1. Quick one: what are the phi-derived ³J(HN,Hα) couplings along region 41-57, Karplus 6.51/-1.76/1.60 with θ = phi - 60°, whole Hz, x for glycine and proline?
2. At R0 = 41 Å, how high is the FRET efficiency between T46 and L16 if r is their beta carbon distance? Nearest 0.05 is fine.
Amino acid sequence: MVWTKMLVNSALSTVLAGSFLLLVGVTSARADDFESCRRNVGKWETRLDHDVDRHGFNSRQANHDRHELSEARENCERRFGNRWRDHDDHDSDGDRR
């Protein structure tokens, strides 16, 4: 009976400690995800610009990059709302550059 109580207390303590560590890790990972969203969108914007210059505006490569860019933006908006966007990317009217 004593061993059972000690085993239950140990298991409960382990679960609580693990939950705390997981919670702390998730908040720091979320900040990394926030920046990774921006980097991913920036990567597809750069690729789109490059492929438009190299292959033309309506090329297969540019259309693929537009599709991927749209998916990357939707993914960030689904995960973070509009907070993932840099406020520096907006002009005074609030339109995107």
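Every number here is computed from the coordinates shown, using simple stated rules; none is lab data. Computed from a predicted model, the values in this text were never measured in an experiment. Because the Cβ atoms are built from the backbone with ideal geometry, glycine has one as well, and the counts that use them run over all protein chains shown.
1. 5, x, 4, 6, 5, 5, 5, 4, 4, 4, 6, 5, 5, 7, 10, x, 5
2. Numbers: r = 45 Å, r/R0 = 1.11.
About 0.35, to the nearest 0.05.
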